[in-house]
1. Out of Leu113, Leu134, Leu170, Leu94, I need the residue that is over 19 Å from Ala189 (Cα atoms) and modelled with pLDDT of 85 or more. Which one?
2. Restricting to the stretch 15-41, name every residue that is open to solvent by 80 Å² or more (accessible area, probe 1.4 Å), of a type in the set (A, V, I, L, M) and touching a residue at least 60 places away in the same chain (Cβ under 8 Å).
3. Here are the criteria: (1) at pLDDT 85 or above; (2) closer than 30 Å to Glu121 by Cβ. Tell me which single one Leu179 does not satisfy.
4. Would you tally the residues in the stretch 212-224 being at negative phi and exposed (fewer than 15 other Cβ atoms within 10 Å of the Cβ)?
5. From Val40, Val79, Val119, Val48, which residue is out of contact with any Gly (no Cβ under 7 Å at 6 or more places or on another chain), β-branched (Val, Ile, Thr) and within 16 Å of Ile196 (Cβ to Cβ)?
Amino acid sequence: MKTRKVTRWKPAALLGSLAFAVLWQLAAWISGPAFLPGPVAVIKLFFVQLTTPGYLGTVLASYQRVLVGWGIGSLVGMVGGILMGRYASLGQFLYSPIQFFRVIPAIAIVPILVIWLGVGETIKYVIIGYGVALVVAVNIADAVQRVAQVRLQAARSMGAGPIRIFWGVLVPSVMPEVLKGVRGSLAFAFMSIVGIETLAAQDGVGKMIWNARVLHQTDVAILGIVTLGLMGVLADLLVQALFRLFGYRFMMRR
């Protein structure tokens, strides 16, 4: 199977980022820094915040919650998705509940989980893992169902047992969809962290943005948004690098 090249930074992408920064700065000049701080002001604030341990602790707290919740949710989603796709009766049994919970935002169940679990770290992992698991499970279940039956029958005819079929045929066949689903769910994890930290946390980037709103600190709120975006980009690049090193060796090769 031919693997698709991972998108890399190119001159056009850098020009796009530069154009966005220029437009942002022009909008800041027109509206005034009190309404919309420009990128220069936010960059200055960023370097000031880097010298404070509180900012770095805020970033690390959010990173830990996102990565742990994403890892747990991805693992549960992969196992559940493979089982749902492999065993049609199980997939049909879980179809309605999954479709029901898919349309409920993860943030909607935060209040009831606060009652059950309190406001510790567990609730953050559960909320992020919940949403990630649903996204990954659905993608992988669909991929497993699309595996050509001729491959499975050919493996059985050559005497392959269930374990050999699983690792030698099923996993390599669905690995591209597994990687795509797991990577896509990372974005969901970052989108969820702001709401979770707003309602059930004492620190983190989401709490930083919320506190800035209360204190009318527009520059701090924008810094929090930019920080969250940079965190997501760095995490995505790391995941892509790990996939290139370890993931593609499990894919089906023709």
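The values are calculated or read from the model by the stated rules, or taken from the named source; none is laboratory data. Remember, predicted model here, so these are calculated numbers, not experimental data. Every residue, glycine among them, receives a Cβ derived from its backbone with ideal geometry; neighbour counts consider all protein chains shown. The protein model used for the area step is the full one, side chains on, heavy atoms only, and it has no ligands, DNA or RNA in it. Shrake-Rupley method; radii C 1.70, N 1.55, O 1.52, S 1.80 Å.
1. Sole residue among the options that is over 19 Å from Ala189 (Cα atoms) and modelled with pLDDT of 85 or more: Leu94.
2. Across the stretch 15-41, the qualifying residue is only Ala34.
3. Condition not satisfied by Leu179: (1).
4. Qualifying residue count, the stretch 212-224: 3.
5. It is Val119.
For (1) in contact (Cβ under 8 Å) with a residue 40 or more places away in the chain; (2) within 30 Å of Leu60 (Cβ to Cβ); (3) in contact with a Leu (Cβ under 9 Å, 6 or more places away or on another chain); (4) of a type in the set (Ser, Thr, Tyr), each residue gets a yes or a no:
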site	(1), (2), (3), (4)
Val132	yes, yes, yes, no
Val138	yes, no, no, no
Asp142	yes, no, no, no
Ile165	no, no, yes, no
Gly181	yes, yes, no, no
Ser192	yes, yes, no, yes
Gly195	yes, yes, no, no
Gly206	yes, yes, yes, no
Ile222	yes, yes, yes, no
